Structure formats: structure tokens, C-alpha cells
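The values are calculated or read from the model by the stated rules, or taken from the named source; none is laboratory data. Note that the structure is a prediction, hence the values are computed from the model and not measured. Methodologically, a virtual Cβ is constructed for each residue, glycine included, from the backbone with ideal geometry; neighbour enumeration extends over all protein chains shown. The protein model used for the area step is the full one, side chains on, heavy atoms only, and it has no ligands, DNA or RNA in it. Shrake-Rupley method; radii C 1.70, N 1.55, O 1.52, S 1.80 Å.
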Amino acid sequence: MVSGVLESVDVSSVTAYRGRPYEWVSAIARFAVDPADEANTRIVDLDLVTRDRDGSVRFESDVRVLRPTGQGNGRALVVVPNRGMLGGIPFSLGGALTRGPTEDPDPGDGFLLDQGWTIAWCGWQWDVKRDQGWLGLEAPFADVEPGWMRVEFRPDVEQLDHHLSDSSLLFEFQDYPPADPDDEEARLTVRSSPLGEKRVVPREAWRFADNSRVLLDGGFQPFQWYELVYRSARSPVVGVGLLALRDFSAWLRQSHDSMFSFGVSQSGRFLRQFLFDGLNLDEHRQRVFDGVFIHIASARRGEFNCRYGQPSLTHPLTPAYGEPYDMSGLLSNQRMRGAVPKVFSTNSSWEYWRGDGALVHQHPETGEDLLEDPDARTFLLAGTDHFGATPLKDFLPVANPVHHIDVSSVLRALFVQLVQWVCDGVEPAASRVPRVSEGSIVTREEVLAVFSDVALPDPAHLPATPEIDPSSSSWPLELGAPRVALVSNVDAGGNEVAGIAIPAVAAPVAAYTGWNPRARQAGLPDVLYEFVGSRLPLQSAGGIPERDDYERAVLLVAQQLVDARFLLERDLQRSVVEAMLIYDDR
């Protein structure tokens, strides 16, 4: 029996990296795992794959490594790609995001590179189109009977058809073909808000065009939520992506003293799944990661380890959005196995306004504060949204002006705290989140009452996290009562009082929110537009200070953040400049 290790790393190219003492390595990692080994038994359907002659299941993953050509610092950071994208080098400032599949990442100011870190990326997502160059994974398939699954989507523009996947105008993923295109039991429904009442679309009004598309007479209309439930027989073992991350990182650990991982949004939810499944020990019972940094994943996981899983999902509710939400619950399986890493979790205000951010640290039924897990810290980034500083927000159909609050400098100060906790035993700052005990957490309706003369969402159509059975495997998904949805309280001006506030938010010239209603659509409710916040006039009386007075106030806030270890001394002046640019552009 072959032990569960990375069998080989087949290098396709090694190139010098942008004038730095680094080289950029492109390769394919090949794995062999034992389905019967205790370390792998949580992977759904792995035992239903046809094994090789030695009893192993094999698969492969695209990997990239940015490694020092000289002596490094003995530390490695493994980045979980988001939908096959490299993104940028984490915790660098000033670099452009890498979107193209063949680009190497922009170094930005080279924060980690100057310290000698090794940085690696490991493909994990089966539905990424590897033939187009995105970092993905070739998964084995399970031998199963056709079963029910669903495709759910909400277009911003009219669409004549839709892929049988979570593909959109921005991304294209592998599809789940129907087992029977003429299946009369397949069902298409439509609703006008995230949790609105479903209306059944007559079967004669829609059809499967082929193995990859569904067509609707008259087209799929903008700002409607469509759910297609049908049978498919295609069954990749989605969860081997978790094993790819584990075993590639375990291999990398052999040449490094300490290992960290970083994931944002979808890939942060993937790391929550990794920890939930207790996979931080490999088949040799060796620790994989010492520290894990999870950004804007909220209290969710995803379809990363289930039959007919769609890792790419953006909007739909899924059983993996059920309990456990909080950090102690999330880490319980890993704690039983051992090797619990230190975990930092950061979220924007948007995740709270979606209705699940507070579930990381609040009781889901009462809203009471939960005890902080000894191995985790959680932080709200006040006044921010999911998309951050991306210019994409300027083109979205939202009712209020957007903001471009950038928390990159805070994130890297927090990463330094995580590294010091792991490597030097330096206790990090306590979590900064809204709490009942501090009077800083309230309902969303209470916050909306502070605002006037701006577009507001309809409170009856605010998103929420319903009670969901995490073991459910049937569609349509049965949803229970909504969990408590709490957010940070705001001051008289409309800015959040809890969490970490960058200088531009702590000394504001506007109210910065994590919510923004969709632009008014005739006949449709005023729902929140996903992932985007608002830049609104300050709601309290009083003028904006003179420029010199404002700069002194911003400098004071920045120094307080440095003293609290939420901003590095090297980034103090930069944060002041950023705040002054916002002041001048108000």
C-alpha cells in the first residue's frame, strides 16, 4: 500500500522572478492516498473510487512555488487559489492583482519576499478549467447512481441560457450534465429575493439544451433567483482538493521550519472546511499548518467535500452553511485528533450584514457572546465590504455611492501577530468584534434607523442564515428558522463602533457601511446587493474639520493602531496619506 504522500512534483518551468533573488516554479503535483486510512475517511465518496493495483487512489494538482534562490527564512505560506486565480502575493501593498492564468504574481512592495518567505499556490478545485491555464485539480470520479443536485444563479442582465454550473460572465466552470434531459421530475423555480417564495416554472417553458446548458423561453431575467433541481450521474470526488492542499503542504513542510496558509472569501471557506474535517494531520500523523489566516469567509464553509459538490458557488445556500459556525465548534474535530493550528479570522461589515458574520462569535439562537477559543482570534474590519478597494464596484447596479476602503495594511499587521504567536509565543491582541457585553452589537433594523435621505434596503428582505441540516443531501434544500442576525452598532455619524477601524474610518469624512441596496428595480423588492458597501454623508450634525486638523486626527488614530499592533510602523505614513486622499476627494 502506498502511503498518503505527494508522490512527485513534475516541474514544467523554472524562471527568474522580476529581478529579485527568487525563482518562479510551475509544476504538477501527483498524489496517492489510501481511502481506508483514518486520515482520509472523512472525504466523501473516496471509498467509491476504483483503486489502482496497489490499493491507492491517485489524482493531480497544479502548483506554483515562489522560492528564494538563496537562504530563505525557513517559513512557507501556502495560498489557496480563489477559483483558480493566483491573485497577488499576500500582505504586499501596491501590487496589481494577477488574474490571467499564465501570469506570475506582482510582488507589490515585496513584504514577505524581503523576509525570505517561500510562497506557494496549490490547485484544489475540480471544476476549474485547467485547459485554460487556471490552477485546478484533476479529481477521480465515484461510481454512483444518478442523484439529485441543483444549479442556482441570479443574473444581472438577461440571459438566453445558463450553464449547468456556477459559471457567470466572469468565470466558467465545468458542468454537471443531466442524467436524462427529458426528466419530467426536474424542476425550475424562480423567486425575487434571496429567501423569497419560490414559483415553479412550467416544465414546457424550459429545457436542457445539451449536457452543459439550460434554456428558458423568453430568457432568464435580471435580478431573479433561479434554482434548477435535476439528476446527474457525474460525481467527482470533490474532497480530494482538501487532501491536495494537505499533502502538498506536508511535502513543503519537510524543507521549512513553520507552515502557514492563507485564504480569501471562497478559499477562506475552503480553509474552514479543512479545519472542520480535522485534516491538519497527514497520513503519517504529522502536523501540516502551524497558522491559518482566513479572510472574509464569515461563518460558512462550502461544497468542498460532498457528492455533486460545486466549489465555485457564489450565491446559493448549501448544507455546509449550517452548524458549526463558531470557532470552537469548527475546530472540535481537529482538537480531538490533535495539531490544532493558531487561527486568525477577519471579516468585513458585509458578512455581518449578510446575516452570518456574527455567528462566528455569537450564539446562533440567543445572540449571546461565546467564549473565545484559545487557539483563535476574530476581527471585524469596521466599515468595510467584501470587495474592498476594487474598481469593479464602480460599475455595479447599486443605489448608493460605493467606497474603496482598503484594509491591506491592517491585514499584514495581523499576519505578523499570527506569525509571532506561532513562532515566538507572543500572545496576540484579543479579538475585536461587536459584543453584547460591550453594548456594541445590535440588529440591522436598529442601524438602518440612524440613516436618513439615503437608499435603504427593505428590512423584510434582508438576507439571513436559516437553520440548515449540515448533513442534508436532498434538493430542494429544507430551510429552517433564521438564525440571529446582528451587526456592529454605529455612532451618531453612522460609522461602526466595533472592530478595527483604519484611520479613514476612525476619523471619517463620510459614513462607511457594509451594506448597499441594489438600484431600484420596478416591481422588485429593495434587496441588498451582494458584497458591496456604501459611502454616505455623515448622519450627525457638525462640519468637516480643516485639512490640518484632520491630518493631525488621522495621525493620532494611526499611531494608536501601531501601539495596538494593528498597523506596522512602516505603514503609518501610508495610512495617513490614504486618509488624506479620501479627505481631498470628498
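May I ask you to list the residues in the stretch 313-336 that are part of a loop (DSSP other than H, G, I, E, B) and either closer than 13 Å to Gly278 by Cα or in contact with a strand residue (DSSP E or B) (Cβ under 6 Å, 6 or more places away or on another chain) (or both)?
Those that are part of a loop (DSSP other than H, G, I, E, B) and either closer than 13 Å to Gly278 by Cα or in contact with a strand residue (DSSP E or B) (Cβ under 6 Å, 6 or more places away or on another chain) (or both): Pro316, Leu331.
For Val505, which of the numbered conditions (1) in contact with a helix residue (DSSP H, G or I) (Cβ under 8 Å, 6 or more places away or on another chain); (2) of a type in the set (Val, Ile, Thr); (3) open to solvent by less than 10 Å² (accessible area, probe 1.4 Å) fails to hold?
Only one criterion is unmet by Val505, namely (1).
In the stretch 59-82, is there at least one residue being over 25 Å from the mean Cα position of the chain (by Cα), aliphatic (A, V, I, L, M) and over 30 Å from Leu170 (Cα atoms)?
No: the stretch 59-82 contains no residue that is over 25 Å from the mean Cα position of the chain (by Cα), aliphatic (A, V, I, L, M) and over 30 Å from Leu170 (Cα atoms).
Please verify whether the stretch 40-59 includes one or more residues that are surrounded by 20 or more Cβ atoms within 10 Å (Cβ to Cβ) and closer than 16 Å to Ala120 by Cβ.
No, the stretch 40-59 contains no residue that is surrounded by 20 or more Cβ atoms within 10 Å (Cβ to Cβ) and closer than 16 Å to Ala120 by Cβ.
Residues are listed down the side, and each one gets a yes or a no for (1) touching a Pro at 6+ places or on another chain (Cβ under 9 Å); (2) within 29 Å of Pro107 (Cβ to Cβ):
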site: Val5; (1), (2): no, no
site: Val11; (1), (2): no, yes
site: Pro21; (1), (2): yes, yes
site: Ala27; (1), (2): no, yes
site: Asp34; (1), (2): no, no
site: Asn40; (1), (2): no, no
site: Val44; (1), (2): no, no
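Would you tally the residues in the stretch 73-87 being outside any strand (DSSP E or B), open to solvent by less than 30 Å² (accessible area, probe 1.4 Å) and not β-branched (Val, Ile, Thr)?
Matching residues across the stretch 73-87 total 5.
Out of the residues in the stretch 129-168 meeting the condition of being out of contact with any strand residue (DSSP E or B) (no Cβ under 9 Å at 6 or more places or on another chain) and among the hydrophobic types (A, V, I, L, M, F, W, C), tell me which one is least open to solvent (accessible area, probe 1.4 Å).
Val144
Which is within 24 Å of the chain's Cα centre (by Cα), open to solvent by 40 Å² or more (accessible area, probe 1.4 Å), of a type in the set (D, E, K, R) and over 17 Å from Leu448 (Cβ atoms), of Glu530, Glu467, Glu546? Before the answer, list the steps.
Numbers: Glu530 fails: open to solvent by 40 Å² or more (accessible area, probe 1.4 Å); Glu546 fails: within 24 Å of the chain's Cα centre (by Cα).
Of Glu530, Glu467, Glu546, the one residue that is within 24 Å of the chain's Cα centre (by Cα), open to solvent by 40 Å² or more (accessible area, probe 1.4 Å), of a type in the set (D, E, K, R) and over 17 Å from Leu448 (Cβ atoms) is Glu467.
Determine, yes or no, whether Arg354 is over 23 Å from Val447 (Cα atoms), of a type in the set (Lys, Arg) and under 18 Å from the mean Cα position of the chain (by Cα).
For Arg354, the condition - over 23 Å from Val447 (Cα atoms), of a type in the set (Lys, Arg) and under 18 Å from the mean Cα position of the chain (by Cα) - is not met.
Write out, first by first residue and then by second, each pair whose Cβ atoms fall under 6 Å of each other, whose residues are 6+ apart or on separate chains, and whose first residue, in the stretch 444-459, is under 13 Å from Leu528 (Cβ atoms) and modelled with pLDDT of 95 or more while the second is charged (D, E, K, R) and crowded, with 18+ Cβ neighbours inside 10 Å.
Pairs found: Pro457/Asp526; Asp458/Asp526.
Scan the stretch 491-502 residue by residue and report those that are open to solvent by less than 50 Å² (accessible area, probe 1.4 Å) and under 15 Å from Ala449 (Cα atoms).
Gly493, Gly494, Asn495, Glu496
Filter the stretch 325-341 down to residues that are buried (at least 18 other Cβ atoms within 10 Å of the Cβ) and farther than 30 Å from Ser168 by Cα, then give me how many there are.
7
Where in the stretch 187-243 are there strands (runs of 3 or more DSSP E), lying fully within it, with 2 or more residues that are loosely packed, with under 15 Cβ neighbours inside 10 Å?
199-201, 213-220
For the stretch 549-586, what are the residues that are crowded, with 20+ Cβ neighbours inside 10 Å and either without any contact (Cβ under 8 Å) to a residue 24 or more places away in the chain or touching a Ser or Thr at 6+ places or on another chain (Cβ under 7 Å) (or both)?
The answer is Ala558, Leu567, Asp571, Ser575.
Looking at the stretch 164-217 only, could you name the residues that are within 23 Å of Arg307 (Cβ to Cβ) and among the aromatic types (Phe, Trp, Tyr)?
Matches in the stretch 164-217: Phe171, Phe173, Tyr176, Phe208.
I'm trying to understand the selection: among the residues of the stretch 253-272, which are open to solvent by less than 10 Å² (accessible area, probe 1.4 Å) and assigned to a helix (DSSP H, G or I)?
Gln266, Ser267, Gly268, Phe270, Leu271, Arg272
Quick check: is even one residue across the stretch 273-293 closer than 27 Å to Val33 by Cα, assigned to a helix (DSSP H, G or I), modelled with pLDDT of 95 or more and of a type in the set (D, E, K, R)? Before the answer, list the steps.
Here is the first cut: in the stretch 273-293, the residues closer than 27 Å to Val33 by Cα are 273-293.
Those left that are additionally assigned to a helix (DSSP H, G or I): 273-276.
If we keep only those that are modelled with pLDDT of 95 or more as well, we get 273-276.
Those still in the list that are of a type in the set (D, E, K, R) too: none.
No, every residue in the stretch 273-293 fails to be closer than 27 Å to Val33 by Cα, assigned to a helix (DSSP H, G or I), modelled with pLDDT of 95 or more and of a type in the set (D, E, K, R).
Right, Phe387: over 30 Å from Gln560 (Cα atoms), open to solvent by 50 Å² or more (accessible area, probe 1.4 Å) and of a type in the set (Phe, Trp, Tyr) or not? Full working, then the answer.
Working: over 30 Å from Gln560 (Cα atoms): no; open to solvent by 50 Å² or more (accessible area, probe 1.4 Å): yes; of a type in the set (Phe, Trp, Tyr): yes.
The answer is no for Phe387.
Return yes when Val151 is assigned to a strand (DSSP E or B) and in contact with a helix residue (DSSP H, G or I) (Cβ under 6 Å, 6 or more places away or on another chain) and no when it is not.
So Val151 fails the test.
Can you tell which of Thr346, Thr366 is closer than 18 Å to Val292 by Cα and either at pLDDT 95 or above or in contact with a Cys (Cβ under 8 Å, 6 or more places away or on another chain) (or both)?
Details: Thr366 fails: closer than 18 Å to Val292 by Cα.
Answer to the check: Thr346.
Test of understanding: among Phe248, Phe171, which residue is touching a residue at least 40 places away in the same chain (Cβ under 8 Å) and either among the small types (Gly, Ala, Ser) or assigned to a loop (DSSP other than H, G, I, E, B) (or both)?
Phe171
Quick one: Glu427 ticks every box in (1) part of a loop (DSSP other than H, G, I, E, B); (2) within 30 Å of Gln573 (Cα to Cα); (3) touching a Lys or Arg at 6+ places or on another chain (Cβ under 9 Å) except a single one, so which number is it?
Going through (1) part of a loop (DSSP other than H, G, I, E, B); (2) within 30 Å of Gln573 (Cα to Cα); (3) touching a Lys or Arg at 6+ places or on another chain (Cβ under 9 Å) one by one, Glu427 breaks only (3).
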